[in-house]
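Bear in mind these aren't lab numbers, they're just calculated from the coordinates by the rules spelled out. If you're wondering where the values come from, they're calculated on a predicted model, not measured in any experiment. Please note: Cβ atoms are built from the backbone with ideal geometry, for glycine as well, and neighbour counts cover all protein chains shown.
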């Protein structure tokens, strides 16, 4: 089945630094990638939708300059958290649509200290 | 905009018993998809079952089945012969047709399967 590989699974960074999260579709081409954020014991909140070769579409309230999304190819989408702060600590998940539904990456737990 | 409501924050069921998780949604679309996803402690999102709105027949996947009531906008998940490995968060989700359509998730139901 369709697999989305997400890396890193865990990352700890210092406040003020930037962190890049990668999502790769391994056996299919992902024209669209969705990026979610999940706080403990809460649901997934859609942050943005990335489309290959074009600018990402951000949900209301999500800072474009803080959460940079790049979808340079049909198999790779990246989320960069810039100038990270402790409040950016969260679980980030990517997802791509396939013919069978939506497949998710395994998630990235970001901790900003 | 679509909304998805899961009114049961937590549920518990004994092993081998049957449990039903509720989900209601609101949309003005006629054709769409509904999903149930499982999120175990590993936090990997796993597709449990999918229903296409234009299909009247309820979807089934082994021990998992749905009761899809389109007019009532209800989409409940029944888990039969519950197993300890079913312990997880379960999210109901709505999606328009097309792989570029985003999913709208409910708030989730935490299911605990006990001995």
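When region B:18-37 is filtered for residues that are buried (at least 17 other Cβ atoms within 10 Å of the Cβ), within 22 Å of residue A:96 (Cβ to Cβ) and more than 11 Å from chain A (Cβ to nearest Cβ), only B:32 remains.
Mind listing whichever residues of region B:46-65 are within 11 Å of another protein chain (Cβ to nearest Cβ) and more than 19 Å from residue B:96 (Cβ to Cβ)? Steps first, please.
So in region B:46-65, the residues within 11 Å of another protein chain (Cβ to nearest Cβ) come out as B:46-52.
Within region B:46-65, B:46, B:48 meet the criteria.
Only one of the numbered conditions (1) closer than 19 Å to residue B:27 by Cα; (2) in contact with a helix residue (DSSP H, G or I) (Cβ under 7 Å, 6 or more places away or on another chain) is violated by residue B:113, and that is (1).
For region B:93-112, taking the residues that are within 20 Å of residue B:7 (Cβ to Cβ) and more than 10 Å from chain A (Cβ to nearest Cβ), the one that is surrounded by the most Cβ atoms within 10 Å (Cβ to Cβ) is identified as B:94. One residue stands out among those in region A:40-56 that are more than 14 Å from the chain's Cα centre (by Cα) and within 27 Å of residue B:8 (Cβ to Cβ): the one that is farthest from the other protein chains (Cβ to nearest Cβ), which is A:40.
Listed here are the residues, each with its yes/no results for (1) more than 24 Å from residue A:92 (Cβ to Cβ); (2) assigned to a loop (DSSP other than H, G, I, E, B).
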{"residue": "B:13", "(1), (2)": "yes, no"}
{"residue": "B:20", "(1), (2)": "yes, no"}
{"residue": "B:30", "(1), (2)": "yes, yes"}
{"residue": "B:47", "(1), (2)": "no, no"}
{"residue": "B:65", "(1), (2)": "yes, no"}
{"residue": "B:77", "(1), (2)": "yes, no"}
{"residue": "B:85", "(1), (2)": "yes, no"}
{"residue": "B:101", "(1), (2)": "no, yes"}
{"residue": "B:113", "(1), (2)": "yes, no"}
